[in-house]
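Asker: Here's a structure for you.
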Amino acid sequence: MKSIPYERPPGDVVPRNEPPRFYYPLATVKCFGSPVFRSQDARDFACLLDVDPDILRWTCEGVELSYGGETYRVDFVVTGTDDRTFMVDVAEDAPKPPEWIELAVGRLGHAYRPVSMHDFVDSNRLANAKDLLRYGFYRCPLGDRVRILAALDEMGSLTVAEALSAFREGRPMACLAALILQGFLEVDLDDALIGPETAVRRIRD
């Protein structure tokens, strides 16, 4: 009789030290090193890091902490555009770390930031970030990038529907998403899901 592989029931808690698995979307923008996630919650928070203009980079490396013979894994070491660093501990609800965690993190020169994904589960920002990162591996052709930037220089802003008509060489939605993720363009990620009437603007240094 052929055996049936065990599948974890939906909603089961992933143990903190269970080997990492693949979670979607696969693309990342600001990750330094290999993106390795302990849970879908951690993957989702990384999506938020990738679209946060105050975040310079994040990594899944160097996240295991030791103290007094105990070990504990957080999810990310994050560097802001101000060069300050913090370690992020993600859970569905408020993380319950050992008492020594802040001391261990402080000794490494970081701040400690526990995150409850319950605060983001229904947010437009998270949904928009995940939608954009579906195109995270895409690169907009040079001609299309020049055309949309020139159009925005002239018009100031365009709707998403108007902006899509500027792309001729590549896939329009993929081009638009890639340029948003790469910091050439911006849209409001918080008020609503990205749609035809969403305003697109150029980001300037």
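No lab work stands behind these numbers, since they all come straight from the coordinates. This is a predicted model, so every value here is computed, not measured. Every residue, glycine as well, gets a Cβ built from its backbone with ideal geometry; the counts of neighbours run over all protein chains shown.
Asker: If I take every Cα pair under 8 Å that is 6 or more residues apart in the chain, average their sequence separation and divide by the length, what percent do I get for the relative contact order? Walk me through the intermediate numbers first.
Answerer: Numbers: 326 pairs, mean separation 33.0, N = 205.
Dividing the mean separation by the residue count of the chain yields 16 percent.
Asker: Quick check on the chain: of the DSSP beta bridges with both residues there, what percent are antiparallel, nearest 5%? Show your work: numbers first, answer last.
Answerer: Numbers: 18 of 25 bridges.
Antiparallel bridges: around 70 percent, rounded to the nearest 5.
Asker: Using θ = phi - 60° and the Karplus relation 6.51 cos²θ - 1.76 cosθ + 1.60, list the HN-Hα couplings for the range 175-183 in order, rounded to whole Hz, with x at every Gly or Pro.
Answerer: 4, 4, 4, 4, 6, 5, 5, 8, x
Asker: Which translational diffusion coefficient, to the nearest whole µm²/s, is obtained for the chain from the Stokes-Einstein equation, given a Kirkwood hydrodynamic radius over C-alpha pairs, 37 °C and 0.692 mPa s?
Answerer: Working: Rh = 18.9 Å.
This corresponds to a translational diffusion coefficient of 174 µm²/s.
Asker: Using the alpha-carbon atoms, what tilt in degrees (0 to 90, nearest 10) does helix 124-133 show relative to the longest principal axis of the chain?
Answerer: Helix 124-133 sits roughly 80 degrees off the main axis of the chain.
Asker: Using +1 at the C-beta of Lys and Arg and -1 at the C-beta of Asp and Glu, which of Pro53, Gly106, Leu185 has the Cα lying farthest in the positive direction of the dipole of the chain?
Answerer: Leu185
Asker: Which value at 222 nm does the chain reach when only helices count, each DSSP H run of 4 or more adding -39,500 (n - 2.57), with the total divided by all residues and rounded to the nearest 500 deg cm²/dmol?
Answerer: Working: 6 runs with 57 residues, N = 205.
Theoretical 222 nm ellipticity from helices: -8000 deg cm²/dmol.
Asker: For the range 35-125, what D do you get in µm² per second when you plug the Kirkwood radius from alpha-carbon pairs into Stokes-Einstein at 37 °C and 0.692 mPa s? List each step's numbers first, then the result.
Answerer: Details: Rh = 13.5 Å.
Using the Kirkwood radius from Cα pairs, D works out to 243 µm²/s.
Asker: Now, a different point. Grab the Cα-Cα distance for Asn124 and Asp153, subtract it from 0.36 nm times how many residues apart they are, and report the gain in nm with one decimal.
Answerer: Details: separation 29, 0.36 × 29 = 10.44 nm, distance 2.78 nm.
Stretched fully, the Asn124-Asp153 segment lengthens by 7.7 nm.
Asker: Rounded to whole Hz and in sequence order, give me ³J(HN,Hα) for the range 106-118 from the Karplus expression 6.51 cos²θ - 1.76 cosθ + 1.60, θ = phi - 60°, writing x for Gly and Pro.
Answerer: Working through the residues one at a time gives x, 5, 8, x, 10, 9, 10, 9, x, 10, 9, 6, 4 Hz.
Asker: Also, I was wondering about something else. Treating only the Cβ of Lys, Arg, Asp and Glu as charged (+1, +1, -1, -1), what charge dipole size does the chain show about its Cα centre? Round to the nearest 20 debye.
Answerer: With only Lys, Arg, Asp and Glu charged at Cβ, the dipole is about 800 debye.
Asker: Okay, next question. Using a Gaussian network model on the chain with a 10 Å cutoff between Cα atoms, which of Met117, Met173, Met155 fluctuates the most?
Answerer: So, out of Met117, Met173, Met155, the one fluctuating most is Met155.
Asker: Strictly under 4.7 angstrom between C-beta atoms: which cysteines of the chain have no such partner?
Answerer: Cys31, Cys47, Cys60
Asker: Quick one: Cα convex hull volume of the range 117-205, Å³ per residue?
Answerer: Numbers: hull volume 8.7 nm³, N = 89.
Given the Cα convex hull of the range 117-205, per-residue volume reads 98 Å³.
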